């Protein structure tokens with residue numbers, strides 16, 4: 001579960017994309033009528049809550065408006081701010097619970113389910129999800145064998161962004177392996193520009209670095225076990241991944257400003273250091289939402305001035321695909337559960353995702369969304385990479401952890417990986433500290 005400041009940062013970043021044309025409604029799946037629709041929900045109101053603000057909220061409202069046009073339902077959206085759990089809990093207690101909540105992390109969805117707040121999704125939604133999504137997305141929306149959450153929006157967090165100009169000057173190309181990426185990084189440094197800008201001021205980018213290395217090097221089975229704390233953080237696979245990460249963190253030729261400089265660099269600054277007017281690095285690792293900062297804050301052209309390559313495979317493992325996302329859930333306490341189920345069923349269709357895809361700042365885990373729906377070529381490639389990964393996708397590990405360990409600034413995994421960035425000389429000692437913090441947070 002993410003700390004509020006980080007959720008806000010990510011929401012703002014991915015929501016900064018420029019508005020495009022809304023998609024004209026076409027043929028629809030899942031039983032919501034095409035064209036004007038049968039207006040079978042005329043006179044009914046559905047309330048939806050989620051973290052989105054600004055452009056993200058405007059774009060999601062386009063999706064809700066299309067549903068309203070088809071069904072006659074009035075749909076309202078209210079932002080919860082970042083602390084979804086607290087806000088929704090107080091709304092339930094106060095008797096004014098929303099019908100649908102867009103939940104931003106697996107850990108929050110599990111928390112809602114265990115508190116008994118969620119209604120199981122209908123068999124029709126399950127069938128639509130089976131048709132349009134890889135099974136892994138349904139698994140992440142399932143708690144104790146009951147399907148509660150339909151993943152509607154995703155992020156692709158295995159993308160390494162680079163300056164084509166810096167690469168050309170150094171004579172390097174996008175790497176196919178982690179070792180090749182480090183080798184290219186040293187060539188970049190020799191040409192006069194450090195390889196990576198690392199956003200160490202907040203802990204969450206460091207957790208993402210670790211997760212990509214761990215997923216590729218240790219494999220999906222160990223990743224799942226560590227995410228559930230079924231193996232300890234002192235496990236040899238963790239120490240090995242930390243050692244691998246430490247070789248990058250500890251090399252001043254690879255990290256702009258070294259560890260101390262990285263610890264003073266926030267996420268937007270890390271992107272600016274690569275694509276700003278005075279480049280201080282050639283690459284920055286983070287998710288597809290980097291593109292929004294490049295276009296809107298730095299006024300550069302994605303695909304020309306900024307490109308990405310997939311996070312490369314480590315030690316002969318599979319190239320990792322780490323993701324995050326927002327899932328639609330139906331609250332038991334909502335006043336209009338049947339209409340709410342109809343809305344979630346609509347969100348499971350390619351048509352619903354295509355509307356936001358056209359507007360930009362969005363990728364969908366729905367594999368049936370037409371490639372041509374996406375706002376630009378780079379977003380299209382990120383979305384295709386995510387859906388092509390199928391069941392190999394793994395959800396952000398820290399988003400699956402209790403907040404005390406995986407989502408709190410200055411504590412748990414964030415703090416310990418910041419300490420490791422400062423001094424990566426003892427991976428085993430860091431692993432022991434991580435295990436102590438995890439055991440306390442997980443209660444085992």
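Taking into account only those residues within the range 301-311 that are under 16 Å from residue 168 (Cβ atoms) and in contact with a helix residue (DSSP H, G or I) (Cβ under 6 Å, 6 or more places away or on another chain), which is modelled with the lowest pLDDT?
By that ranking, first place goes to 303.
Given 306, 352, which one is outside the structural domain of residue 240 (by TED's automatic domain parsing), crowded, with 23+ Cβ neighbours inside 10 Å and more than 15 Å from residue 157 (Cβ to Cβ)? So that I can check it myself, show each step before the final result.
On the way: 306 fails: outside the structural domain of residue 240 (by TED's automatic domain parsing).
352 is the lone residue from the list that is outside the structural domain of residue 240 (by TED's automatic domain parsing), crowded, with 23+ Cβ neighbours inside 10 Å and more than 15 Å from residue 157 (Cβ to Cβ).
Can you pull out the residues in the range 280-295 that are more than 20 Å from residue 313 (Cα to Cα) and modelled with pLDDT under 95?
Correct list: 289, 290, 291, 292, 293, 294, 295.
Residues in the range 394-431 that are in a loop (DSSP other than H, G, I, E, B), more than 24 Å from the chain's Cα centre (by Cα) and surrounded by 19 or more Cβ atoms within 10 Å (Cβ to Cβ): how many?
Our first condition is that a residue be in a loop (DSSP other than H, G, I, E, B); within the range 394-431, this holds for 396, 401-402, 407-411, 423-426.
Retained after the next criterion (residues that are more than 24 Å from the chain's Cα centre (by Cα)): 423-426.
Now drop any that are not surrounded by 19 or more Cβ atoms within 10 Å (Cβ to Cβ), which leaves 424.
Selection size over the range 394-431: 1.
In the range 149-168, is there at least one residue being assigned to a loop (DSSP other than H, G, I, E, B), surrounded by fewer than 24 Cβ atoms within 10 Å (Cβ to Cβ) and either more than 25 Å from the chain's Cα centre (by Cα) or at positive phi (or both)?
Among the residues of the range 149-168, not one is assigned to a loop (DSSP other than H, G, I, E, B), surrounded by fewer than 24 Cβ atoms within 10 Å (Cβ to Cβ) and either more than 25 Å from the chain's Cα centre (by Cα) or at positive phi (or both), which makes the answer no.
Any idea which of (1) in a helix (DSSP H, G or I); (2) more than 20 Å from the chain's Cα centre (by Cα); (3) buried (at least 20 other Cβ atoms within 10 Å of the Cβ) is the one residue 226 doesn't satisfy?
(2)
Taking the condition in the same structural domain as residue 178 (by TED's automatic domain parsing), modelled with pLDDT under 95 and in a helix (DSSP H, G or I), does residue 242 pass? Explain how you work it out, then say what you get.
Working: in the same structural domain as residue 178 (by TED's automatic domain parsing): yes; modelled with pLDDT under 95: no; in a helix (DSSP H, G or I): yes.
No: the conditions fail for residue 242.
Checking residue 102 against (1) in a helix (DSSP H, G or I); (2) modelled with pLDDT of 95 or more; (3) crowded, with 19+ Cβ neighbours inside 10 Å, which test does it fail?
(1)
Filter the range 349-368 for residues that are over 18 Å from the mean Cα position of the chain (by Cα) and assigned to a loop (DSSP other than H, G, I, E, B) and give the result.
The initial filter retains those residues of the range 349-368 that are over 18 Å from the mean Cα position of the chain (by Cα), namely 349-352, 354-355, 358-359, 368.
Correct list: 349, 368.
Could you list, in sequence order, the residues of the range 270-315 that are assigned to a loop (DSSP other than H, G, I, E, B), more than 24 Å from residue 151 (Cβ to Cβ) and touching a strand residue (DSSP E or B) at 6+ places or on another chain (Cβ under 8 Å)? Break it down stepwise before answering.
Initially, the range 270-315 is screened for residues assigned to a loop (DSSP other than H, G, I, E, B), giving 276-282, 287-289, 298-301, 303-305, 311-312, 314-315.
Narrowing further to those that are more than 24 Å from residue 151 (Cβ to Cβ): 276-282, 298-301, 303-305, 312, 314-315.
Scanning the range 270-315 gives 281, 282, 300, 312, 314.
Go through the range 110-134 and give me each residue that's within 17 Å of residue 347 (Cα to Cα) and either within 20 Å of the chain's Cα centre (by Cα) or not assigned by TED's automatic domain parsing to the domain that holds residue 48 (or both). Explain how you work it out, then say what you get.
Kept after step one, since they are within 17 Å of residue 347 (Cα to Cα), are these residues of the range 110-134: 119-134.
Hits for the range 110-134 are 129, 132, 133, 134.
For the range 60-75, which residues satisfy the criterion of being over 15 Å from residue 347 (Cα atoms) and either in contact with a strand residue (DSSP E or B) (Cβ under 9 Å, 6 or more places away or on another chain) or not assigned by TED's automatic domain parsing to the domain that holds residue 98 (or both)? Before the answer, list the steps.
Going residue by residue through the range 60-75, those that are over 15 Å from residue 347 (Cα atoms) are 72, 74.
If the condition is that a residue be over 15 Å from residue 347 (Cα atoms) and either in contact with a strand residue (DSSP E or B) (Cβ under 9 Å, 6 or more places away or on another chain) or not assigned by TED's automatic domain parsing to the domain that holds residue 98 (or both), then 74 is the only one that fits.
Please go through the range 40-56 and give me each residue that is crowded, with 17+ Cβ neighbours inside 10 Å and either within 20 Å of the chain's Cα centre (by Cα) or not assigned by TED's automatic domain parsing to the domain that holds residue 339 (or both), ordered by number. Walk me through it before giving the result.
So the first thing to find is which residues in the range 40-56 are crowded, with 17+ Cβ neighbours inside 10 Å, and the list is 41, 44, 46-52, 55-56.
Across the range 40-56, the qualifying residues are 49, 50, 51, 52, 55, 56.
Does the range 73-90 hold any residues that are crowded, with 20+ Cβ neighbours inside 10 Å and over 26 Å from the mean Cα position of the chain (by Cα), and which are they?
73
The values are calculated or read from the model by the stated rules, or taken from the named source; none is laboratory data. Everything quoted here is computed from the prediction, not taken from an experiment. Heads up, the Cβs are rebuilt from the backbone with ideal geometry, glycines too, and the neighbour counts pull from every protein chain shown.
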